[in-house]
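The values are calculated or read from the model by the stated rules, or taken from the named source; none is laboratory data. Quick caveat, the model's predicted, so the values are computed rather than measured. FYI the Cβ positions are ideal-geometry reconstructions off the backbone, even for glycines, and counts take in every protein chain you see. Surface areas here come from the heavy atoms of the whole protein model, side chains and all, with no ligands, DNA or RNA. Shrake-Rupley method; radii C 1.70, N 1.55, O 1.52, S 1.80 Å.
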Amino acid sequence: MTTTPLPRTTGDCACPEFRGADLSRRGFLRGLGLAGATMTIGSAVVTVGPSAPAAAADASSVLVVLSMRGAADGLSLVVPHGDPVYYDARPRIAVAAERLVAKDGFFGLHPALSPLLPLWQQGKVAAVHATGLAVPNRSHFAAMEAVEDATPGSSERVGWLNRLIGDLPGTSPLQAVAVGSAPPALYGPQPWMGFDRLDEVGVAGDDKWDPTDDRLRSLGKMWQRSRSPLAPALRSAMAAVDEIGPAQAQQQRSSAFPKSDLGKALSSVSRTIRGDVGASVITVDQGDWDMHSDLGTLQWGRMQHNADDLARSIAAFFEDLGPAADRVTLVTVSEFGRRVVENNNYGLDHGWGNVMFLVGAGVRGGYHGTWAGLEAGNDADLTVTTDYRSVLSEVVRTRTPVSTATVFPHFSPERVGAMVGA
């Protein structure tokens, strides 16, 4: 791409939009305006919706949605030790009752979740068991789409988080941020931004070897008045990239983050929140919970590793947030659960019901949900007694000003009691 650089002295610029704007670098980027689609800039994938004017940062509540990809086994994470079928169905991989933590008369947490105990004891962790789709769906992709669209029977591809941010005050593309892969829950017309690594968000070529911002000026001149379909997306992307600057300036404060992908992602999320860039919804996709084999025991296997990573990452995240933790609620979602009965490979096949964790602000700690009892047949599932949308509805209703009827159309949520004020 060859362009004629813009004059380095903004006062020489003949463009009225430049003359009327803040003459700083930031003013230049903001002056490009917002509206667009999806654009890759350097390592960052920035996606914004159409007609997205800039908005001031909103310091209200923040919802962090952690998607546990692959269908986690909720019966290993929150063990129903009071149901004898659990131990009959899993003679090799069941977690012994005496090893559970935060144990009550019926449930207990996997011991690898011990890093969450300080938050649990403060009443800031809730586990809602036997949640999921109203009917079983054992296809990862189909179930993921159904869970994240949250509009059964609709042909529209608009996720529940996109409907949520559509009704929140402001329309900045930084209002919703996806760290790592963007979930279908964000798909839709409302603007949002995605990146893999916070520190690498930027405009390619705008670096220390371009101290006079020639790269930005070239792009600005090239695209500012362009009628190309790509122009709005590029203008939007550049403005969004600049708005993320205060988050990049934040330092990691907790040394407890695991060096895993989840630990790194939640560290970036913490910095994004502390940077006060106006993010109200942040999503994180995590790991591989599809354990047909080698789920293992307390001595070996993938469950103990994943559970430990999950717990240590979440604990470090809330520590790293500092005072900002008072406005952050984290919720976990997985597309479905696993079968009740273990298979021959120390694993579990696709099932139905699962557990959801809620952590942080506004959470009513403890175990929640309705238990229908386990069955031990080879095809037995954990029966869903709480539609997952009822759990999410409580979060939306208590932590945002948005109507649950907008976010979950044609759905009448039942009370779960996992959020204060629900």
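Label point of Leu298 set 7 angstrom out along Cα-Cβ; within region 110-131, amide nitrogens under 19 Å from it belong to 110-118. Working value for the chain: equivalent-ellipsoid semi-axes of 43, 21, 19 Å, each the square root of 5 times a Cα gyration tensor eigenvalue, largest first. Per residue, region 35-407 exposes 38 Å² of accessible surface when a 1.4 Å probe is rolled over the protein heavy atoms with every protein chain present. Between the amide H of Thr283 and those of Val65, Val177, Ala178, Val179, distances stay under 5 Å, these residues lying 5 or more places away or on another chain, with hydrogens modeled in the peptide plane. Shown for the chain: the carbon plus sulfur share of the solvent-accessible area, taken with all protein chains present and a 1.4 angstrom probe, equals 51%. The phi-based Karplus calculation (6.51 cos²θ - 1.76 cosθ + 1.60; θ = phi - 60°) puts the 3J(HN,Hα) values of region 111-119 at x, 5, 8, 3, x, 8, 4, x, 5 Hz, whole numbers, x for Gly and Pro.
For the pair Ser255 and Glu414, the difference between a 0.36 nm per residue extended length and the Cα-Cα distance amounts to 53.2 nm. Sequence-ordered 3J(HN,Hα) estimates for region 148-160 from the Karplus curve with 6.51, -1.76 and 1.60 and θ = phi - 60° stand at 8, 6, 6, 9, x, x, 8, 8, 7, 9, 10, x, 5 Hz, glycine and proline given as x. Treating each Cα of region 268-422 as an identical point scatterer and summing with the Debye formula, the log10 of I(q)/I(0) at q = 0.19 Å⁻¹ comes to -1.32. Cross-link partners of Lys264 among lysines, defined as those whose alpha carbon lies under 27 angstrom from its own and excluding same-chain residues fewer than eight positions apart: Lys124, Lys208. Around the amide H of Ala380, modelled in the peptide plane, lie the amide H atoms of Val340, Val341, all under 5 Å away and 5 or more residues distant in sequence or on another chain. Sequentially through region 75-87, phi angles give Karplus couplings (6.51, -1.76, 1.60; θ = phi - 60°) of 6, 8, 6, 10, 8, x, 5, x, 9, x, 4, 4, 6 Hz, Gly and Pro residues having no value and appearing as x.
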